[in-house]
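The values are calculated or read from the model by the stated rules, or taken from the named source; none is laboratory data. Please read these numbers as outputs of a predicted model, since none were measured by experiment. Note: ideal-geometry Cβ built from the backbone for every residue, glycine included; neighbour counts use all protein chains shown. The protein model used for the area step is the full one, side chains on, heavy atoms only, and it has no ligands, DNA or RNA in it. Shrake-Rupley method; radii C 1.70, N 1.55, O 1.52, S 1.80 Å.
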Amino acid sequence: MAIRTFVAFPIPPAWEAYLGGVTKDLAGRIRGVSWTRPGNLHLTIRFLGDLGESGAARVGDAVARGAEGSTAPLVSLGAIGAFPKIEKPRVVWAGIARGESELLA
């Protein structure tokens, strides 16, 4: 069975509330889009694609080992954008204004 796999961070509650508001505003103006519920929002670091169960488990183990002993970096939310364009989004994203290199490390 294939599992859509990516490495991501959960987002702080304040970001979730803000981005939920952005989503609600856009949903009121743009029709025909399936919006992610605020509880499912996350900060994607790396998309890995469809992996089998054992591959996803190995990735989870590797990420846990790599993060061991790390502390949460100070990160600031950046600009909002969309692919392919904000007027007709397929994906809406929020950038990182500060702390990107620390997150990636």
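If amide hydrogens are placed 1.01 Å from N in the peptide plane, which non-local residues have theirs closer than 5 Å to the one on Thr5?
Sorted by chain and number, the residues that satisfy this are Leu48, Gly49, Asp50, Leu51.
Net charge around Leu26, counting only other residues with Cβ within less than 12 Å of its Cβ (Lys, Arg = +1; Asp, Glu = -1)?
+2
Based on the Cβ-Cβ distance of Ile80 and Ala57, what FRET efficiency does E = 1/(1 + (r/R0)^6) give at R0 = 41 Å, to the nearest 0.05?
Using R0 = 41 Å, I get an efficiency of 0.75.
About its Cα centre, how strong a charge dipole does the chain have in debye, to the nearest 20, once Lys and Arg get +1 and Asp and Glu get -1 at the Cβ?
480
For a quick check: with amide H placed at 1.01 Å from N, whose amide H comes under 5 Å from Ile96's, ignoring anything fewer than 5 positions away on the same chain?
Close amide H contacts, sequence-distant or interchain: Gly78.
Can you pull out the trypsin sites (Lys or Arg not before Pro) in the range 1-57 that DSSP calls coil and that have at most 10 other Cβ atoms within 10 Å?
Answer in residue order: Arg31.
Between exposed GluC sites (Glu not before Pro) in the chain, where DSSP calls loop and at most 10 other Cβ atoms lie within 10 Å, what's the longest gap?
Maximal segment without exposed cleavage sites: 1-67.
For the chain, with every protein chain kept in place, what is the accessible area per residue (1.4 Å probe, Å²)?
Using a 1.4 Å probe on heavy atoms only, each residue of the chain averages 74 Å².
Just to be sure I understand, if you calculate semi-axes √(5λ) of the Cα gyration tensor in Å for this structure, which of [x] 25, 14, 11; [y] 26, 19, 11; [z] 29, 13, 11 do you get?
Working out semi-axes √(5λ) of the Cα gyration tensor in Å from the coordinates points to [y].
Given a 1.4 angstrom probe, I'd like the percentage of the accessible area of the chain that is carbon and sulfur, rounded to a whole number.
56
Quick one: compute the contact order of the chain, relative version, from alpha carbon pairs under 8 angstrom and 6+ residues apart, as a percent.
28
Starting from the Cα of Ser70, step 7 Å along the direction of its Cβ; do the same at Trp93; then give the gap between the two resulting points in nm.
A separation of 1.8 nm, rounded to one decimal place.
Would you mind pulling out the separation of the Cα centroids of the range 80-105 and the range 28-68, in Å?
15
Taking θ = phi - 60°, what integer Hz values does the Karplus form 6.51 cos²θ - 1.76 cosθ + 1.60 yield along the range 26-33, in sequence order, with x for Gly and Pro?
3J(HN,Hα) across the range 26-33, in whole Hz: 5, 4, x, 10, 10, 9, x, 10.
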